[in-house]
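Working notes, structure below.
The values are calculated or read from the model by the stated rules, or taken from the named source; none is laboratory data. Please read all numbers here as calculations on a predicted model, not as lab measurements. All Cβ positions, glycine included, derive from the backbone under ideal geometry; neighbour counts span all protein chains shown.
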Amino acid sequence: MRVKAIIAYDGSHYLGFQKQKSSKRTITSAVENALISLHIPSPIVGSGRTDAGVHASGQVIHFDLPDYWDDMAKLKLNLNRKLTDISFKHITKVSDDFHARFSAKKRLYRYVFKTQKPSVFEQKYISHYSDFDPLLLRQALKCFEGKHDFTLFHKTGTETHTNIREIYHSTYVKRQGYHFIYFQANGFLRAQVRMMVDASMQCAREEMTLTQLAEQIECQKKYSTKLAPHEGLYLAKIYY
C-alpha cells in the first residue's frame, strides 16, 4: 500500500535530503531509520532534493506500507515520536502509481531574509541582506519568469536531461520586518533558487544591472555564480 506524506524539517542539522554514502546525517536516512524501527522496510522517495542546511515546510515523500499498517493517525504519531527536527504533517493513502517526484506539477520555494542581522534565535532560519531597492528586486525577479535554459543558474554535479525550466511566478513581499521571495516553477536545478535569489539581490543593491541579469538568463554571459545563504531557503509546497 502506497502512502503520500507531507513533512517539515529543520535542515540546519542535516547534510541535505538525499541519502549519502559518507554520512547518515540526511533527512532520508533519518526517516528511513524511523520506518525500519516500525518494521516498515520501504525506501522513501521525495518530491525533490534540498541541500545541506535548507529547510522544508511542505516536502512530499512517498513510501510503501505493509497491509497491516492501516491506521495513518497512529503511524504519524509513532513516526513523530521517533524523529527529531523532522515532523510528519499528513499521511494519506494514494494509488500505487503515485510518485512524489514525477507526479508533481509545480514546486514552490520561499526565501526569508532581514536587512538587520538576525537574532541568535533566528540565524539558522533567516538570512541577512543589507538595504536594497524593492522596485529593482521585483524587476529582477520578473526577469526569471517564463521558460529558460538555466545552464548558468545551477551547480554542476547532478545529471539532468535538460536545464530548461519554466518559472510560473517570482514575487517579493515584506511582512513585519521580514522579507520573502517566492519562486514557483515546474522544477528546479541544483542550487538554482539560491543562485537566482543572490543574483536578484545583486540587482536590487545595484551590484549587477538588469541587462547583465538578462544576459546571464539567456546564457550569453556569466556574471555571477554566488549562492544566497542556505539558512533562509524553504521548500514550501508541492502541487499535484
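Worth a mention:
- Among (1) at pLDDT 95 or above; (2) under 20 Å from the mean Cα position of the chain (by Cα) - the single one residue 20 does not satisfy: (1)
- Close contacts from region 138-157, counting a first residue that is assigned by TED's automatic domain parsing to the domain that holds residue 184 and a second that is among the hydroxyl-bearing types (Ser, Thr, Tyr) and part of a loop (DSSP other than H, G, I, E, B), with Cβ to Cβ under 9 Å and a gap of 6+ residues or different chains, come to 149/162; 152/223; 152/225; 153/225; 154/160; 155/225.
- Among the residues listed as 82, 93, the single one being surrounded by 13 or more Cβ atoms within 10 Å (Cβ to Cβ), at pLDDT 95 or above, of a type in the set (Lys, Arg) and more than 13 Å from residue 235 (Cβ to Cβ): 82
- Region 158-167, residues that are exposed (fewer than 15 other Cβ atoms within 10 Å of the Cβ) and in a strand (DSSP E or B): 164, 166
- Options 189, 213, 235, 227: the member that is over 19 Å from the mean Cα position of the chain (by Cα) and either assigned to a loop (DSSP other than H, G, I, E, B) or of a type in the set (A, V, I, L, M) (or both): 213
- In region 171-193, the residues that are buried (at least 21 other Cβ atoms within 10 Å of the Cβ) and either among the β-branched types (Val, Ile, Thr) or in contact with an Asp or Glu (Cβ under 8 Å, 6 or more places away or on another chain) (or both): 181, 185, 191, 193
- Residue-level check: of (1) surrounded by fewer than 20 Cβ atoms within 10 Å (Cβ to Cβ); (2) at pLDDT 95 or above, residue 197 misses just (1).
- Residue list for region 33-80, filter: touching a strand residue (DSSP E or B) at 6+ places or on another chain (Cβ under 8 Å) and among the hydroxyl-bearing types (Ser, Thr, Tyr): 42, 47, 50, 57
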